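The values are calculated or read from the model by the stated rules, or taken from the named source; none is laboratory data. On a predicted model such as this, the values are computed, not experimentally measured, just so you know. Don't worry about glycine lacking a Cβ; one is built from the backbone with ideal geometry, like all the others, and counts go over all protein chains shown.
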Amino acid sequence: MLTLGPFQGKPACTRIKVGQGVCGQAVKLRKTIIVPDVSKFPGHIYCDPDSKSEIVVPMIKKGYVLGVLDVDSYKYNTFDEIDRFYLENIVEIIMNKGRIL
């Protein structure tokens, strides 16, 4: 179960089951997911009805998924492989340099 932690923006969903929505799928698959148009993602959870595209990076440390970095956009096709590269690197720095676990 994912539980909402620190975030910025409109009020969001507070709990998401593993495997549900983009965040839950990223946890289940243990990989970054880029969604150019959330309306075309099967099972997308509309926490923010103005969201058009999304990228979700799982935060993994010592084999455990501890959370996700979820970034939404109010525009379609906002995220690409460059965003994936940098966001995955940011998450890696946080997981390896931070005081988590």
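For this structure, a couple of remarks:
- Take the conditions (1) closer than 20 Å to LEU4 by Cβ; (2) touching a strand residue (DSSP E or B) at 6+ places or on another chain (Cβ under 6 Å); (3) without any contact (Cβ under 8 Å) to a residue 60 or more places away in the chain; ILE45 misses just one of them, which is (2).
- Each residue in the range 1-24 was checked for being assigned to a strand (DSSP E or B) and closer than 17 Å to ASP72 by Cβ, and 2 pass.
- Test: residue in the range 2-14 that is of a type in the set (A, V, I, L, M, F, W, C) and at pLDDT 95 or above: no
Okay, residues lined up against (1) in contact with a helix residue (DSSP H, G or I) (Cβ under 9 Å, 6 or more places away or on another chain); (2) closer than 17 Å to GLY5 by Cα; (3) not in a loop (DSSP other than H, G, I, E, B):
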site: ALA26; (1), (2), (3): no, yes, yes
site: GLU54; (1), (2), (3): yes, no, yes
site: ASP83; (1), (2), (3): no, no, yes
site: TYR86; (1), (2), (3): no, no, yes
site: ASN89; (1), (2), (3): no, no, yes
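- Scanning the range 29-67 for residues that are surrounded by 15 or more Cβ atoms within 10 Å (Cβ to Cβ) and of a type in the set (Phe, Trp, Tyr) yields a total of 1.
- Hits in the range 91-101 (condition: assigned to a helix (DSSP H, G or I), surrounded by 11 or more Cβ atoms within 10 Å (Cβ to Cβ) and at pLDDT below 95): GLU92, ILE94, MET95
- The residues on offer are PRO36, PRO58, and the sole one that is closer than 21 Å to GLY5 by Cα and under 15 Å from the mean Cα position of the chain (by Cα) is PRO58.
- For ASP70, the stated conditions do not hold, so it cannot be described as part of a helix (DSSP H, G or I), touching a residue at least 24 places away in the same chain (Cβ under 8 Å), in contact with a strand residue (DSSP E or B) (Cβ under 9 Å, 6 or more places away or on another chain) and surrounded by 14 or more Cβ atoms within 10 Å (Cβ to Cβ).
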